[in-house]
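Asks: Structure provided below as structure tokens; questions to follow.
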Amino acid sequence: MRSFVPPLSRMLLWPSLIIALSFWLKGGGEVGGGFPAGALAGLAVLLQYVVTGREQTRRYVVVRYAAPLAGVGLLLVVGTAFLPVLAGYTPVSLFPRPGQPGMGAGAFHLHTALIFEGGLMLIVFGLVVTVIDRFALSTANQGDEGP
Amino acid sequence: MPLWGPLLLPWVMACVLAFMDGRRAWVAWLGIASLAASLVCTALLLPQAWSGHPPEFVTGDWPVGVGIRLRADPLSIVYTLVSTAVLLGTLVYEHVAGGITSRSFPSLVVFLGAGLTGVFFTSDAFNFYVFFELAMTAAFALASYGEKARNLRAAFTFVVVNLMGSTLFLTAVVMLYLTTGTLDMQSIVAWGQAGAPYALDVPGTLLLCAFGVKLGFFPFHFWAPAVYRDAGPTVAALLAGALANIGSYGLLRFGADVMPQVLERARPLLEILGASSILYGSVLALSRRDTREVLAYASITQAGLIIAALGLGGREGLAAAVALALAGSVDKTALFLAQDRGGERARRAYSVAAFSTAGVPPTAGFWSKAWLLRAALERGHTWLAGLVVLASILSLLALFRAYQREQWLREGAALHRGTGAVVFALSLALVATGLWPEPLLRAGRDAIAGLGVLP
């Protein structure tokens, strides 16, 4: 008999990632932010690892390149924190400056805090997935060597 | 030098190093150069920090409370200098000792440096937690360095215990925010002076437990012997020499600076905890046969001395705590690195560091212990003074029993010129400070003088 869990978990992946993205985008003014977004996306991937195994999960590009993604996130965070210094502002200055006209529509505004949070999301996601992948790899190896 | 210099440099370099293969020699040297450069940047901040108006900025030019304040007073600077120097020495040692075996090692050490610098410079309780977690994450990854079964076991113990510590710390920060309505340390000081004297007792107790786990004093020491025994010698030196500084710094910053009323009420408790750590660490160090375990218990004694100094209170006691923490950090690094090798050079370095740990002149450890003794006698705590002397004798016995055993065991694997230079530099620093203690004493006194409110 086929279990309903694997198809269900696959169906859950994309909605979870979309909710994670929405967490990131609304983080500026409401509950959310980069950290919970990354953690949620990482948990969605963890579910895939548990249900379908390492091989199946690594078919997704984001999962294969999780560690470089964390590096990119790190560069985004450091960049938004310290690039304003080059222009003479204090670190972690917000652009567009408060009071200046911003870009965006409705409740959504584009500013450097969003990039910072996005970097944070990538770091958390990348680290969570890399750690899970390491564990999955070592348990898979132990399975091969086992009695 | 602007304040963001020593913060920016290790961050950027750690990010760059993360993309490179740390097993290559030039990448390791790049890591060493970044740590050396951030050491120089921090040293350039010295005159400003001592000028009465410590350098500070608020992120993004927001008003305080919205933006995060970063500030470098003398206490922050001396801790940053010593911790970065320890990291630098350890990274050089690991590289010249025969090559780094993991591609992420240099990057992680520089990340640890970035996290520690952030912890010491921040003036915001939650930002303290963020940098603290950055340093801890790097340390978690470092703890498994070597990737043998025993290293992984050490890493697992370390991660589980320290995650519990982090949870306690985060809970304390949340309670501070809910009680005082602010996370900025100086605003918390103002809130504490305004009234409600008992409101901060619970977060204060949680902070004591959280930093107790980091520093590893009795009864929060349980992880230390297992981790220091099973982690590699370099990693043990990093954890005991640099990372444990978060514990003593946190206690000084939150205790003496942010919540002096709570520290005042906690003094009897701190004295009891300090005295029991001193006794427990010294007696168990004597009973162990494995050198690393002896060192781990000696570090519990050291932590006990710091706590006892905090418990004494007053400027003299707190300044002694700073001196003990700084000298102890270099002692432990030198001991962990020297015990790994045999030969004449290693024996000499081990002896110097052991003398310093026990407080035999002319070493840095002697002056810090002498200061604690004087503070104890001035305050009429003769029993504590007796305990300090007893602990010194027991530490000396334990460390040299270990030395005797190791000396017969080790014939090969001597320190060569490179590793010898690192260990030699550390022991030279200890002796030089012993012969000319003025900088250490002044660092302790001025660091405490910069803390503002004290009885």
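Values in this text are rule-based calculations from the coordinates and carry no lab data. Values in this document were obtained by computation on a predicted structure and should not be read as measured data. Counting neighbours? That spans all protein chains shown, and the Cβs are built from the backbone with ideal geometry, glycine included.
Asks: Just want to confirm a number: the relative contact order over region A:5-145, from Cα pairs under 8 angstrom separated by 6+ residues, in percent.
Replies: Answer for region A:5-145 is 32 percent.
Asks: What's the ranking of B:296-305, B:158-167 by average number of surrounding C-beta atoms within 10 Å, highest first?
Replies: Answer by packing, highest mean first, reads B:296-305, B:158-167.
Asks: Report the Cα-based extents of region B:36-101 along its three principal axes, largest first, to the nearest Å.
Replies: Rounded to whole Å, the extents work out to 50, 26, 16 Å.
Asks: Using θ = phi - 60° and the Karplus curve 6.51 cos²θ - 1.76 cosθ + 1.60, what whole-Hz ³J(HN,Hα) does each residue of region B:322-334 get, with Gly and Pro shown as x?
Replies: So the Karplus estimates, Gly and Pro as x, are 4, 4, 4, 5, 5, 5, x, 4, 5, 3, 5, 4, 4 Hz.
Asks: If you take each beta carbon of peptide B:54-60 and count the beta carbons of other chains within 10 angstrom, what is the mean?
Replies: Counting other chains' Cβ atoms within 10 Å and averaging over B:54-60 gives 4.
Asks: Calculate the dipole size of the protein assembly as shown relative to its Cα centre from +1 charges on Lys and Arg beta carbons and -1 charges on Asp and Glu beta carbons; express the result in debye to the nearest 20.
Replies: 1080
Asks: Which of the peptides B:324-335, B:23-34, B:52-63 is most tightly packed, and how do the rest follow, going by the mean number of other Cβ atoms within 10 Å of each residue?
Replies: Final packing ranking: B:324-335, B:23-34, B:52-63.
Asks: For region B:13-18, in order, what is each residue's ³J(HN,Hα) by Karplus, 6.51 cos²θ - 1.76 cosθ + 1.60 with θ = phi - 60°, in whole Hz (x at glycine and Pro)?
Replies: 5, 5, 4, 5, 5, 4
Asks: Right, something else. Among A:Leu83, A:Leu127, A:Leu75, whose mean-square fluctuation peaks in a Gaussian network model of chain A (Cα, cutoff 10 Å)?
Replies: Maximum fluctuation in the GNM of chain A, among the listed residues, is at A:Leu83.
Asks: Related question: Evaluate peptide A:95-104: per residue, the Cβ atoms of other protein chains within 10 Å of its Cβ; return the mean as an integer.
Replies: Mean shielding by partner chains, rounded to a whole number: 1.
Asks: Here's another thing I want to ask about it. Going by alpha carbons, how many degrees (0 to 90, nearest 10) lie between the helix axis of A:66-86 and the longest principal axis of chain A?
Replies: In chain A, helix A:66-86 runs at an angle near 10 degrees to the longest axis.
Asks: Expressed as an acute angle from 0 to 90° and rounded to the nearest 10, what is the orientation of the C-alpha long axis of helix A:34-57 relative to the principal long axis of chain A?
Replies: Relative to chain A, helix A:34-57 is tipped by roughly 20 degrees.
Asks: What do you get for trypsin sites (Lys or Arg not before Pro) in region B:142-239 restricted to DSSP loop and a cutoff of at most 16 other Cβ within 10 Å of the site's Cβ?
Replies: B:Lys148
Asks: Take peptide A:81-92, look around each residue's Cβ out to 10 angstrom, count Cβ atoms belonging to other protein chains, and average those counts.
Replies: That works out to 5 on average.
Asks: Straight-line reach from B:Lys148: which lysines have a Cα under 29 Å away, not including same-chain ones fewer than 8 places off?
Replies: Reachable lysines: B:Lys214, B:Lys332.
Asks: Could you state the number of Å between the C-alpha centres of region B:45-113 and region B:338-353?
Replies: For region B:338-353 versus region B:45-113, the Cα centre distance is 29 Å.
Asks: I need to check one value: relative contact order of chain B, counting alpha carbon pairs closer than 8 Å and at least 6 residues apart, in percent.
Replies: This gives 15 percent for chain B.
Asks: Quick one: net charge around B:Ala28, please, counting Lys, Arg +1 and Asp, Glu -1 for every other residue with C-beta under 12 Å from its C-beta.
Replies: +1
Asks: Lys and Arg at +1, Asp and Glu at -1: add these up for the other residues within a Cβ distance under 14 Å of B:Asn245 and post the number.
Replies: Net charge in that neighbourhood comes out at +2.
Asks: Would you mind counting up the charge near B:Arg69? Only other residues with Cβ under 14 Å from its Cβ, with Lys and Arg at +1 and Asp and Glu at -1.
Replies: Local charge sum for B:Arg69: -4.
Asks: Among A:50-57, B:368-375, how do they line up from the highest to the lowest mean number of other beta-carbon atoms within 10 Å?
Replies: B:368-375, A:50-57
Asks: What is the angle, in °, between the Cα long axis of helix A:5-26 and the longest principal axis of the Cα atoms in chain A? Nearest 10 is fine, range 0 to 90.
Replies: It works out to around 10 degrees.
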